[in-house]
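> Before we start, here is the structure in question, set down as structure tokens.
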Amino acid sequence: MLSKRSLLAGLVILALGAVAVAPATAQPYPAKPVKLIVPFPPGGPVDVAARLLGQHLPRTLGATVIVENRAGAAGALGSKAVASAEPDGYTLLCGNISSLVVLPAVTGNRDYDPAKVFAPVAKVSQNYEVLVVHPGFPARSVAELVALAKANPGKLNFGSAGLGNATHLAAELFKLRTGTDIVHIPYKGAAEAVTGVLGGQVQMFFGDIAGVLPLMNDGALRALAVSSETRNPLAPDVPTMIESGVPDYVVLTYIGVVAPAATPSAIVDKLNAAINASLAAPEVAAAFAKLGAEVRPAPPQDFAAFLAAETRKWTEVAKAANIKIE
């Protein structure tokens, strides 16, 4: 039988062994490459933003960042993949207003509820939309457009990048704020909707300023108003919606990074600090500025509050406009 002294010695050895093994098995984060999922095809705004961030993030995070496109179902496919991933900080989603807020709002969280399945990490960038029309369109201001629409209810139309898309809801918010009846014509993407305006199939489109700015500068499209609170430096001569008499009309388009829910707060904080440090780098900020986007580094709590407010806003718009995708 073991003596008390021998038993005590054995326990001490076991304890020391456990202490010695712990640091070897608990590797500090990050210990392997981080995957950044883009739920849209290559070449789009979210993909471009993710790759800009992915090029610089290894310097601030200390790990390789792999950008992977998982397009499908208007962003739901890639979003659901991240929602079901291990909450270890190695699989992240680079989403936008549509995948993080609008799509769930118009589907009643059919595929996923962002508030429950994601942990907000950081807002990457934000931008604004511009109401554009064909140069030959008779209304040369928002006031003239509203007057024309009220005189011809149901006769004007607008194009969108798809049913329930952010460009669709931006127009529905405009209709709600102005009391106008303008018909929705959904397209399969923003490029097709712009082509519809250029060809005269639809009268107007609410598009991301970076996407429509070249056509505005060439005179192929005429901008009536921008959706920001103040005038945009890229189009300083274009008034805001509020200036144009549309009350409480501010529409942001944005891109942000989220992690699976239950990701440890220490990892979320580390990712947030690394992303913010990359966004603060002059070359990164300049690259986003060329895209017409602003970077505003902030803590994850701010991003979470922002997404919650956006979700309330667009859920109310979808309900008021009776937009529900089954």
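> Send over the semi-axes of the stretch 134-282's equivalent ellipsoid, whole angstrom and largest first, taken as the square roots of 5 times the C-alpha gyration tensor eigenvalues. Display every interim value, and only then the final one.
Values: eigenvalues 219, 60, 50 Å².
One finds semi-axes of 33, 17, 16 Å for the stretch 134-282.
> So for M204, M216, what's the accessible-area order with a 1.4 Å probe, most first? Let's see the in-between values first.
On the way: M204 0, M216 30 Å².
Ranked from most to least accessible, the order is M216, M204.
> Just add up the charged neighbours of L215: K/R +1, D/E -1, any other residue whose Cβ is under 15 Å from the Cβ of L215. Kindly include the intermediate steps, with their values, before the conclusion.
Values: positive: R222; negative: E129, E192, D208, D218.
In short, -3.
> Quick one: which residues, 5 or more positions from L252 or on another chain, have an amide H under 5 Å from its amide H? H modelled 1.01 Å from N in the peptide plane, none for Pro or chain starts.
Answer set, sorted by chain and number: none.
> Just the number please: accessible area per residue for the chain, 1.4 Å probe, all protein chains included, in Å². Display every interim value, and only then the final one.
Working: 15100 Å² over 326 residues.
With the other protein chains kept in place, the chain gives 46 Å² per residue.
> Something else now. Roughly what angle does helix 4-25 make with the longest principal axis of the chain, taking Cα atoms, 0 to 90 degrees, to the nearest 10?
Orientation of helix 4-25: about 30 degrees from the principal axis.
> With the cut-off at 1.5 for a/c, could you classify the stretch 108-160 from its C-alpha gyration tensor as rounded, prolate or oblate? Could you put the intermediate results ahead of the total?
Working: a/c = 4.07, a/b = 2.22, b/c = 1.83.
Judged from the Cα gyration tensor, the stretch 108-160 comes out prolate (a/c at least 1.5, a/b above b/c).
> If you plug each phi of the stretch 235-251 into the Karplus form 6.51 cos²θ - 1.76 cosθ + 1.60 with θ = phi - 60°, what whole-Hz ³J(HN,Hα) values come out, in order, with x for Gly and Pro?
Values per residue, Gly and Pro as x: 9, x, 8, 8, x, 7, 4, 5, 4, 7, x, 9, x, 6, 10, 9, 10 Hz.
> Output ³J(HN,Hα) for the stretch 299-306: one whole-Hz value per residue in order, computed from phi by the Karplus curve 6.51 cos²θ - 1.76 cosθ + 1.60 with θ = phi - 60°, and x for Gly and Pro.
x, x, 5, 5, 5, 4, 5, 4
> A further question on this structure: Rounded to whole Hz and in sequence order, give me ³J(HN,Hα) for the stretch 60-76 from the Karplus expression 6.51 cos²θ - 1.76 cosθ + 1.60, θ = phi - 60°, writing x for Gly and Pro.
Values per residue, Gly and Pro as x: 9, 8, x, 8, 5, 10, 10, 8, 10, 8, 10, 7, x, 6, 6, x, 5 Hz.
> Now, a different point. Can you give me the long-range amide H partners of G162? Hydrogens built in the peptide plane at 1.01 Å from N, cutoff under 5 Å, separation of 5 or more residues or another chain.
It is H168, Y187, by chain and number.
> Then there's this: Considering only protein heavy atoms and a 1.4 Å probe, what is the carbon-and-sulfur percentage of the accessible area of the chain? Spell out each step's value before the answer.
Working: 9070 of 15100 Å².
Ligands and nucleic acids excluded, carbon and sulfur reach 60 percent.
> To continue, here is another question. In debye to the nearest 20, how big a dipole does the chain give about its Cα centre with +1 on each Lys and Arg Cβ and -1 on each Asp and Glu Cβ? Could the numbers behind the result be given before it?
Numbers: 26 positive and 24 negative charges, 154 e Å.
Using Cβ point charges on Lys, Arg, Asp and Glu, the chain gives about 740 debye.
> Another question about this same structure. (i) 48, 20, 16; (ii) 43, 20, 18; (iii) 31, 24, 18: which one is semi-axes √(5λ) of the Cα gyration tensor in Å as calculated from this entry?
(i)
> Can I ask one more? Once the other residues with Cβ under 13 Å from the Cβ of L148 are scored (Lys, Arg +1; Asp, Glu -1), what is the net sum? Each step should come with its number before you reach the end.
Details: positive: R140, K150, K155; negative: E144, D181.
Overall, the nearby charge balance is +1.
> If you don't mind, another one. Tell me whether the stretch 242-295 comes out rounded, prolate or oblate; compute the Cα gyration tensor, take square roots of the eigenvalues as a ≥ b ≥ c, and use a/c under 1.5 as the rounded threshold.
Values: a/c = 3.71, a/b = 1.55, b/c = 2.40.
Oblate, because a/c is 1.5 or more while a/b does not exceed b/c.
> Report the net charge of residues surrounding A139, where surrounding means a beta-carbon distance below 12 angstrom and charges are Lys +1, Arg +1, Asp -1, Glu -1.
Details: positive: R140, K150, R222; negative: E144.
Around A139, the surrounding residues sum to +2.
> Moving to a separate point now. Give the long-range amide H neighbours of D181: residues separated by 5 or more places, or on another chain, with amide H under 5 Å away, using H modelled in the peptide plane at 1.01 Å from N.
G154
The values are calculated or read from the model by the stated rules, or taken from the named source; none is laboratory data. Nothing here was measured: the structure is a model prediction, and the numbers come from that model. Counting neighbours? That spans all protein chains shown, and the Cβs are built from the backbone with ideal geometry, glycine included. For accessibility, only protein heavy atoms count, side chains too; no ligands or nucleic acids. Shrake-Rupley method; radii C 1.70, N 1.55, O 1.52, S 1.80 Å.
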